[in-house]
2 protein chains.
Amino acid sequence: MEIHYSRRMSACPPSFLGELFRVSSDPRIISFAGGLPDASLIDVEGIRNAACEVLQEHGREALQYSTTDGYLPLREWIAARYRSRLGIDASPEAIQIVNGSQQCLDLVAKILLNPGDPVGIESPGYLGAIEAFSLYEPSFQSFPVIPSGPDRDSLGLLIRRFRPPFIYGIPNSQNPSGITWTGDQRRMVAGLLDGSCTLFYEDDAFGELFFDQKPRPPVSRFLPHQTLMSGSFSKIISPGLRTGWIFAPQKVLEAFNIVKQAADLHSNLLAQMVLHRYLTTVDLDRNLAVIVSRYESNCRLMCDLLDDLGRDGLTHTTPEGGMFMMAFLPEWVPSMELYKKGLDYGVAVLPGVPFHTDGRGSCSVRLNFSNTDEGRIQEGMTRLKKALLTFSTR
Amino acid sequence: MEIHYSRRMSACPPSFLGELFRVSSDPRIISFAGGLPDASLIDVEGIRNAACEVLQEHGREALQYSTTDGYLPLREWIAARYRSRLGIDASPEAIQIVNGSQQCLDLVAKILLNPGDPVGIESPGYLGAIEAFSLYEPSFQSFPVIPSGPDRDSLGLLIRRFRPPFIYGIPNSQNPSGITWTGDQRRMVAGLLDGSCTLFYEDDAFGELFFDQKPRPPVSRFLPHQTLMSGSFSKIISPGLRTGWIFAPQKVLEAFNIVKQAADLHSNLLAQMVLHRYLTTVDLDRNLAVIVSRYESNCRLMCDLLDDLGRDGLTHTTPEGGMFMMAFLPEWVPSMELYKKGLDYGVAVLPGVPFHTDGRGSCSVRLNFSNTDEGRIQEGMTRLKKALLTFSTR
């Protein structure tokens, strides 16, 4: 029989991930194209101890159905960390647990977007957000992110002209660009939005991964009643546990709770209880220091080697944290062509195209520096240079 | 600020669950209104052993990102069980893992329904399905389920007249009615659908919970290329692990994979690996024998006590398995009124109204017999009788 899919299915951009998966499982290829944290830095022993203890002491509770909003002690921990680290007035009632912060993207779009609605997104913007939002058939309105944050004029015009239900952004070590908004830019964005009918969706997947381990003030602090913020344990503890959260005004949370319940009743309770046990028995900040130190040295090495390619016309961002940076190619090197040529030379980079809703990205690539090491960065950058040099300057 | 929700939010029926939660946490009330499996029958020790072993031997893998379709060995186990138990030609490639089978409801609706599209559903039908589908703004078309299964004429007319993208049903021990379709009814439904443009969505949450432990042939067996079937470990091992699956034709799965990835990337990998370890080291059928034996004796006792109320005008279904039965009230007892009066007497039953998309259900209640015991059933039924007798016969 022929199957008639819903219209939203044709709004979904073709995914690059199948291709990426093929590439990343080929041992001959050094891949900077993926987006995994370094598995060797996951505290397996700490998590195992937490899991065995939780199942020993509270197994029957951990394995039964639970509430949609999530395990209260974990939400209390998150709220306390927000209060102490970011200085924001967070209560556990303002936090709900999700299956990794990707689920927030789906559910927030579900409660706020009708087909054709405008939604503001950075250019470049996060691929996973573009994919999730696309299924709600919005009209993407992008605003450029210059090295210090969003371009004021573009964003202001976008808000006034399109009045989108929300604007989505990653102010801390953005995926894909690695850019971090300055404090002034955060206040500027809050000021532009204040009093408008537009919410700010602040995706904070990387806020705990600054190389200096110092927090940056979230936009939420300057615009608390109009900002919803998502967070995740995927980058700081374990992605396989699929546990993230949303922190949002009560009105948003009420609607969010309805769609979360319809989507999957609640998130894995065992994972929530294990994470809570883990967080209350280990020194998270010390573990994070190890992770960010590794990521920082990888990042600096990659930047240094990319600088050597500067005379060949390549520039790049210089991240303060996170897992990604972006390289901008000389105009005679199309990113899709560099991707293919790179594979010939045994190195994979991710073309910028799928990170754009405005048809741009043909001259940029995303590079991951978390799931690699010094040797692979050295060799991979050598291969990338060879691939780059096959393109004639005109 | 005022928040403008998407149109789909106003299509969502008000949920009864908050109320239910309040009721079930009141120790003075004996509740048959919930839908939990008996937590005392969860094999906590077996799951703990499996979890500790998986984290010991494969911790780094279990805690890293994974693929959207799910852990292959678990999908192989499910496929093998389908082949040996149900005699259907299942391969692991035809199975994808989800966060409990509730997630299938959301994602199947997402790939198949446009606003206004007809969708066929039993009357009474599963509340969780009604809630999940509602957010895609379909036009519900219900067909009555008589004690042996769907009414042939109604269903045939529905398919011909409305040509829905899919029909949803629970042929095994339905939630809420406890009705199991006969083999003939299954063949009849397959015959009606064969060659039409309508898929059958076979929700099989309870197929492993028949009191005689004998499998019933799924509709999928008679209509393999046109049926998608969902399954779940929630009722047979643990709901807190939020692990279910979809078994579907390849074309459906391709679209399903896209929306699953956009929804939450993938399901909790640790839970999938723990379940696989558990399933390959314990005797599932022996554990199931203990569970169904308990549920059967609860069910028989409840039926016997409800029979005593027969002279007061009450009738009920007689389940062959599962966790629920339905009682039909005399015409002078509205189910919402009985619900309220029951609370006064310290017993909770679930009114039939939210299980109907056609405005019916005012004269039926759902009774859960899994999460209770002999003493509570005895006392609860005594209280229910008292509540029932407060209604005058006219």
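Couple of notes before you dig in:
- Taken one residue at a time, the phi angles of the stretch A:93-107 give Karplus couplings (6.51, -1.76, 1.60, θ = phi - 60°) of 5, 8, 10, 10, 8, 9, 7, x, 5, 3, 5, 4, 4, 5, 6 Hz. Gly and Pro are set to x.
- Shape box of the stretch A:45-279 [Cα atoms, principal axes, largest first, Å]: 57, 40, 28
- Rounded to the nearest angstrom and listed largest first, the equivalent-ellipsoid semi-axes of chain B from its Cα gyration tensor are 33, 26, 21.
- Calculated label separations, B:Ile146, copies of the chain, 7 Å along the beta-carbon direction, nm: 7.5
- Peptide A:40-47 shows a mean partner chain C-beta count of 3 within 10 Å per residue C-beta.
- Computed over the stretch A:63-169, the Cα gyration tensor eigenvalues convert (square root of 5λ each) into semi-axes of 30, 19, 12 Å, ordered from largest to smallest.
- With label points defined 7 Å past Cα in the direction of Cβ, position B:Gly359 shows copy-to-copy spacings of 5.2 nm, given to one decimal and shortest first.
- Relative exposure of B:Thr357, B:Thr182, judged by other C-beta atoms within 10 Å (fewest first): B:Thr182, B:Thr357
- Per-residue Cβ neighbour counts within 10 Å put A:Tyr295, A:Tyr278 in the sequence A:Tyr278, A:Tyr295, beginning with the fewest.
- Look at the stretch B:375-383: the mean tally of other chain Cβ atoms within 10 Å of its residues' Cβ atoms is 0.
- Gap separating the Cα centres of the stretch B:66-100 and the stretch B:23-64, nearest whole Å: 22
- Label point 7 Å beyond Cα along the C-beta direction, distances from A:Gly116 to other copies (nm, shortest first): 1.2
- The stretch A:255-364 - Kirkwood radius from inverse mean 1/r over Cα pairs (Å): 17.8
- Lys/Arg +1, Asp/Glu -1 at C-beta; the stretch B:223-368 dipole; positive extreme among B:Val292, B:Pro239, B:His276: B:His276
- Counting charges near B:Trp245 (Lys, Arg +1; Asp, Glu -1) among other residues having Cβ under 14 Å from its Cβ returns a value of -3.
- Ranked packing of A:309-317, B:224-232, B:283-291, A:269-277, most packed first, by mean Cβ within 10 Å: A:269-277, B:224-232, A:309-317, B:283-291
- Normalised by residue count, the protein assembly as shown yields a Cα convex hull volume of 158 Å³ per residue.
- For the listed peptides B:238-251, A:247-260, a ranking on the average number of other beta carbons within 10 Å per residue, highest first, reads B:238-251, A:247-260.
- This model, with +1 at the C-beta of Lys and Arg and -1 at the C-beta of Asp and Glu, gives chain B a dipole about its Cα centre of some 460 debye.
- Proximal aspartates and glutamates to A:Lys341, defined as alpha-carbon separation beneath 18 angstrom and excluding residues fewer than eight positions away on the same chain: A:Glu19, A:Asp26, A:Asp312, A:Glu331, A:Glu379
- Ranked A:Thr67, B:Thr198, criterion: other C-beta atoms within 10 Å, fewest first: A:Thr67, B:Thr198
- Exercise: per-residue mean of other protein chain Cβ atoms within 10 Å, B:130-137: 3
- A simple rule links phi to the HN-Hα coupling: the Karplus curve 6.51 cos²θ - 1.76 cosθ + 1.60 with θ = phi - 60°, which for the stretch A:156-164 gives x, 5, 4, 5, 5, 7, 9, 6, x Hz, with x for Gly and Pro.
- Restraint check, A:Lys340/A:Lys385; A:Lys251/B:Lys340; A:Lys235/A:Lys385; A:Lys251/B:Lys260, Cα-Cα greater than 19 Å: A:Lys251/B:Lys340; A:Lys235/A:Lys385; A:Lys251/B:Lys260
Values quoted throughout were computed directly from the atomic coordinates according to the rules given, and no laboratory measurement underlies them. Every value quoted in this text rests on a predicted model; they were computed, and no experiment measured them. Backbone-built Cβ (ideal geometry, glycine too); neighbour counts: all protein chains shown.
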